Amino acid sequence: MNIQRQYLEQQTEQERSEITRHVLMILDSWGLDSKQIIALLDLPGKANVRTLNRYRQGVAELPRCEQVNNRLEHLLAIIEALRTTFPRNIQMGSHWMNKPLRRFSRRKPVSVLVDDGMPGLMAVRAHLDCTYSWDY
């Protein structure tokens, strides 16, 4: 088990709530709508716009289940890789996520995440973070 996964499983409610708000803020800045966010995070049950608003307000936190933690781990790694790739301009990460790339058959990385699910998360992470997957 890697350190990031271990952290996601052992964080306090306050830490989980802060991460939830941060991730949703980033996903919003990438231009994802509520249905796309729910699908990308693979939220269990009947998650809807009201559920996402509760997460954004810090009233609730993302569920602590394996499928959400798996996706959250990849999203946090992508967010961190974008931050280190574009340290002087935070908006460049959003711009990069919405720019068609040859690596993804002229698809936008954000579309790869939403359309391909977990394999898309892994592909975008591998593209941004050379230490994640040497053979990907």
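Here are the numbers for the structure shown:
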{"item": "Residue satisfying condition, being surrounded by 14 or more Cβ atoms within 10 Å (Cβ to Cβ) and under 19 Å from Arg21 (Cα atoms), within set Ser94, Ser111", "result": "Ser94"}
{"item": "Test for Leu52: is it within 15 Å of Ser29 (Cα to Cα) and either within 14 Å of the chain's Cα centre (by Cα) or part of a helix (DSSP H, G or I) (or both)", "result": "yes"}
{"item": "Scan of segment 30-50 for residues that are on the phi < 0 side of the Ramachandran plot, of a type outside the set (Phe, Trp, Tyr) and surrounded by 15 or more Cβ atoms within 10 Å (Cβ to Cβ), ordered by number", "result": "Leu32, Ser34, Gln36, Ile37, Ile38, Ala39, Leu40, Leu41, Leu43, Ala47"}
{"item": "Identity of the residue in segment 57-91, in contact with a helix residue (DSSP H, G or I) (Cβ under 8 Å, 6 or more places away or on another chain), of a type outside the set (A, V, I, L, M, F, W, C) and assigned to a loop (DSSP other than H, G, I, E, B), that ends up surrounded by the most Cβ atoms within 10 Å (Cβ to Cβ)", "result": "Glu61"}
{"item": "Residue within segment 13-29 that is at pLDDT 90 or above and closer than 18 Å to Ala126 by Cβ present", "result": "no"}
{"item": "Tabulated pairs, segment 92-112, first in a loop (DSSP other than H, G, I, E, B), second among the hydrophobic types (A, V, I, L, M, F, W, C) and surrounded by 12 or more Cβ atoms within 10 Å (Cβ to Cβ), C-beta under 8 angstrom, 6+ apart or interchain", "result": "Asn98/Trp30; Asn98/Val110; Lys108/Met97; Lys108/Leu101"}
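The values are calculated or read from the model by the stated rules, or taken from the named source; none is laboratory data. Everything quoted here is computed from the prediction, not taken from an experiment. Virtual Cβ from ideal backbone geometry, glycine too; neighbours counted across all protein chains shown.
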